[in-house]
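The values are calculated or read from the model by the stated rules, or taken from the named source; none is laboratory data. It should be emphasised that the depicted structure is a prediction, and the values quoted were computed from it without experimental measurement. Cβ atoms come from the backbone with ideal geometry, glycine included; neighbour counts cover every protein chain shown.
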Amino acid sequence: MCRKYAVPKNPRSAEQLTQREKFSDAVIAWQALIGVHQDLWRANATGMVMTGYNLFIRDYLLRGGPSTTPLLITEVDYLHINITRSTLPTGWLFDFLGTTGYLSLGYIRDNQNITLANTRVFSPAQKLVIKILRVDLPVATQRGDHIELQHGGNYINVYLPDFPGLHPPTFVYVADDGSTYYDEALTNLAYGAP
């Protein structure tokens, strides 16, 4: 028995559009992961009835999105950019600051990828903000670019927003999961951590 094809309904409700946007963000976050991190998700899914990709998407959607809790930090031990994009040693830099007085804990130039840490230690810990500063080239980061940060023995990936040819200085504020925001209150998302 055959029946006539029925076009599925697509009400485009606010809730439906929000969920589609979250799913799209989750897929982009998966694509932004480097192979080693994708392999970890695949390993975690071993023995489950889902792939590492499905596990990642499920967890991303259940988590409810990026954190809005600020990352508190006392010092910078090490910085490393996952993908350098500047064609000049003095293209642009990322300066890691505390929000009280905006004193630098250290910085890293995109092309050189060498941590230049200050010996400064904050007590008590301060919210972390990154000043992105153009030196000789417009900033050209892309979605998924991140900086590996070690602070007080802890590691976190801090995710940079997409800046195609931007002319900062621009400040981004860091959440405790590595998400970045354009405001200190962590309400205007720059890039959500996967």
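Being in contact (Cβ under 8 Å) with a residue 40 or more places away in the chain and either of a type in the set (Asp, Glu) or under 30 Å from ARG20 (Cβ atoms) (or both) is the filter here, so list the residues in the stretch 62-84 that pass it. I'd like the intermediate steps shown before the answer.
The initial filter retains those residues of the stretch 62-84 that are in contact (Cβ under 8 Å) with a residue 40 or more places away in the chain, namely 65-83.
Within the stretch 62-84, GLY65, PRO66, SER67, THR68, THR69, PRO70, LEU71, GLU75, ASP77, ASN82, ILE83 qualify.
If PHE94 satisfies every condition in (1) crowded, with 16+ Cβ neighbours inside 10 Å; (2) modelled with pLDDT under 90; (3) of a type in the set (Phe, Trp, Tyr) but one, which is the exception?
Condition (2) is where PHE94 drops out.
Mind counting the residues in the stretch 152-179 that are in a strand (DSSP E or B) and at pLDDT 90 or above? Steps first, answer last, please.
Step one: filter the stretch 152-179 for residues in a strand (DSSP E or B), giving 154-159, 163-166, 170-175.
Next cut, at pLDDT 90 or above only: 155-159, 171-175.
Of the residues in that region, 10 qualify.
Residue-by-condition table, conditions (1) out of contact with any Ser or Thr (no Cβ under 8 Å at 6 or more places or on another chain); (2) among the β-branched types (Val, Ile, Thr); (3) modelled with pLDDT of 90 or more:
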position: PHE56; (1), (2), (3): yes, no, no
position: TYR60; (1), (2), (3): yes, no, no
position: ARG63; (1), (2), (3): yes, no, no
position: THR68; (1), (2), (3): no, yes, no
position: ILE83; (1), (2), (3): yes, yes, no
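Can ILE130 be described as closer than 19 Å to TYR182 by Cβ, of a type in the set (A, V, I, L, M, F, W, C) and crowded, with 20+ Cβ neighbours inside 10 Å? Full working, then the answer.
Details: closer than 19 Å to TYR182 by Cβ: yes; of a type in the set (A, V, I, L, M, F, W, C): yes; crowded, with 20+ Cβ neighbours inside 10 Å: yes.
Taking the combined requirement at face value, the residue satisfies it.
May I ask you to say which residue of TYR107, TYR102 is under 17 Å from GLU148 (Cα atoms), of a type in the set (Phe, Trp, Tyr) and in contact (Cβ under 8 Å) with a residue 12 or more places away in the chain?
Of TYR107, TYR102, the one residue that is under 17 Å from GLU148 (Cα atoms), of a type in the set (Phe, Trp, Tyr) and in contact (Cβ under 8 Å) with a residue 12 or more places away in the chain is TYR107.
Can we say PRO138 is modelled with pLDDT under 90 and touching a His at 6+ places or on another chain (Cβ under 7 Å)? Can you show your working first?
Working: modelled with pLDDT under 90: yes; touching a His at 6+ places or on another chain (Cβ under 7 Å): yes.
Yes, satisfied.
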